[in-house]
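To keep things clear, I will list the structure first and then write my remarks on it.
Read-outs throughout are calculated quantities, based only on the coordinates presented, and are distinct from any laboratory measurement. In this text, all values refer to a predicted model and were calculated from it rather than measured experimentally. Neighbour counts are summed over all protein chains in view; Cβ atoms, including those assigned to glycine, are modelled from backbone coordinates with ideal geometry.
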Amino acid sequence: MLPGSSVPRIGPGQPGPAGAVGVLGGGQLGRMFVHAAQAQGFRVVVLEPDAASPAAAAADVHIAAPYDDDAALAALRDQCAAVTTEFENVPALALQRLAEEACVVSPLAAAVQVCQHRAREKQCFQRAAVPCAPFAVIDDEAGVAAAQAMGLLPGILKTATLGYDGKGQVRVASASQLANAWQALRGVPCVLEQQLPLQLEISVIVARGRDGAMVHLPVQQNLHRDGVLAVTQVPAPDVAPATAQQAVASALALAQSLGHVGVLCVEFFVLADGRLVANEMAPRPHNSGHYSIDACDLSQFDLQLHSLVGWPLRRPRQHSAAVMINLMGDLWFAAGAAQAQPPDWPAVLALPGVHLHLYGKTQARPGRKMGHITVTADSADQARAVALQAAARLGLPGF
Ligand code: ATP
Ligand code: MG
């Protein structure tokens, strides 16, 4: 279904496909979408190969098959009037095919194709006049040689596709390190980015409807540890109002320039000299937006649903200050324990304003996102003070 074309009536409580929405992908983002959609009366069908996945466990119907399986896509289309995705590494072709078969789809395949490929993503930043890190595209040996001569070192070599949580990235300081790193990444298409002096990392989530209407969540301040998001604070304590405004304006411009329908998260760096540059974008809800479930009157998953089914997009209102802390699998192996042991939840939940979200993953592994807590409070200082107490009780460092 193309943007602007009429959307068939989709609504909760209706029999057959009209009352059901579908999700490609079974991770935690899909699970939280399932919860939001079910709370508003929709049945949800999840297409995901892994039967033990977080979203499959919550879905009304689970189709266990690869994302590009013909019969599975036909079943999804037959059972749902509208389909979304929870990660951008689904084959854009799957979304394209659903759209061609009169299924309402968001995000659109074209936006997914841009966001799943770092070189295309950077070209999109340039088209929208949004600054990003100086970069070179490396597709072959000649590209390596050209990049070596561009003055981008020290830099970060990133695979063009399939990177997440800092995976598929190598820091390189010299021309020979760059050549070796590209070989170690098996010579796949890559982007070399100049390594920038970061002061802060922030993100902005916008939602755009099929009619072009746009709303956004407040600017989020993100702390990463080992390339993985660890803590999000909203309101962002260290971001100047002009920088926040610029980030929101850039995110809205990118959503518009992509012709995006649905939720879009844009990650930015605030550099040591205060300049703002875009890092990457995701055409879906984002880990840095999880706080919106507990701290806003509309969550990023509500926005995903409302933009998907063509409901009015209202601007979310943040009613509580919030700090979100990711719960990684490492927490299950405190003090070098060999056996996984869940953290002491009652100790954390005894603190005021703590909301626990666990994704139902059956196995804890170091580095795996198992859940998050959001601390809500009347003020940012109060939220931070309680979040620091919660972190200490979990054995996590402060921030
Ligand atoms: P995710 O999808 O989980 O956000 P990712 O694997 O796609 O992560 P990036 O967002 O590209 O990776 O990078 C991960 C982190 O590495 C960033 O949040 C930032 O801390 C650091 N980083 C990335 N690129 C640069 C850069 N050009 N200069 C300095 N630091 C960087
Ligand atoms: Mg990132």
Loop trypsin sites (Lys or Arg not before Pro), the stretch 1-110 (other Cβ atoms within 10 Å of the site Cβ: 16 or fewer; DSSP) | Arg9
Roughly what % antiparallel, to the nearest 5, for the DSSP beta bridges in the stretch 16-105?
-> 0 percent
Taking Cα pairs under 8 Å and at least six residues apart, what relative contact order does the chain come out at, in percent?
-> 14 percent
Expected-Rg normalisation [2.2 N^0.38 Å, Cα atoms] applied to the stretch 121-257 = 1.18
Using a Gaussian network for the chain with springs between C-alpha atoms less than 10 Å apart, which of these wobbles most: Gln382, Gln40, Gln339?
-> Gln339
Here Rg/Rh (Cα, Kirkwood) for the chain equals 0.96
Based on the alpha-carbon gyration tensor of the stretch 134-194, what equivalent-ellipsoid semi-axes (square roots of 5 times the eigenvalues) come out, in whole Å, largest first?
-> 16, 12, 10
Scan around Ile138 for amide H atoms under 5 Å from its own, H built in the peptide plane at 1.01 Å from N, and keep only partners 5 or more places away or cross-chain.
-> Cys190, Val191, Leu192
Would you calculate, for the chain, the mean residue ellipticity at 222 nm contributed by helices, counting each DSSP H stretch of 4 or more residues as -39,500 (n - 2.57) and dividing by all residues, to the nearest 500?
-> -9000 deg cm²/dmol
What list of ³J(HN,Hα) values in whole Hz, one per residue of the stretch 56-64 in order, does the Karplus curve 6.51 cos²θ - 1.76 cosθ + 1.60 (θ = phi - 60°) give from phi, with Gly and Pro shown as x?
-> 4, 5, 9, 5, 6, 9, 10, 9, 8
Apply the Karplus parameterisation 6.51 cos²θ - 1.76 cosθ + 1.60, with θ equal to phi minus 60°, to every residue of the stretch 134-146 and state each ³J(HN,Hα) to the nearest whole Hz, in sequence, with x for glycine and proline.
-> x, 8, 10, 8, 10, 10, 7, 4, 5, x, 4, 4, 5
Rounded, prolate or oblate: pick one for the stretch 198-394, where a ≥ b ≥ c are the square roots of the eigenvalues of its C-alpha gyration tensor, a/c under 1.5 means rounded, and failing that, prolate if a/b is larger than b/c, else oblate.
-> prolate
Take the alpha carbon atoms of the stretch 269-327, find their center, do the same for the stretch 113-151, and report the distance between the two centers in whole angstrom.
-> 26 Å
For the stretch 221-264, how big is Rg over Rh, using alpha carbon atoms and the Kirkwood form of Rh?
-> 1.06
Please express the shape of the stretch 246-300 as an equivalent ellipsoid: the semi-axes are the square roots of 5 times the eigenvalues of the C-alpha gyration tensor, given largest first in whole angstrom.
-> 20, 16, 9
Report, ordered by chain and residue number, the lysines lying within cross-link reach of Lys122, taken as a straight Cα distance under 20 Å and ignoring same-chain residues fewer than 8 apart.
-> Lys158, Lys167
Report ³J(HN,Hα) in whole Hz for each residue of the stretch 68-78, in order, from the Karplus equation J = 6.51 cos²θ - 1.76 cosθ + 1.60 where θ = phi - 60°; Gly and Pro get x.
-> 10, 6, 4, 5, 5, 5, 5, 5, 4, 5, 5
Name the shape class, rounded, prolate or oblate, that the alpha-carbon gyration tensor gives for the stretch 16-105, where a ≥ b ≥ c are the square roots of its eigenvalues, rounded holds for a/c under 1.5, and otherwise prolate holds if a/b is larger than b/c and oblate otherwise.
-> oblate
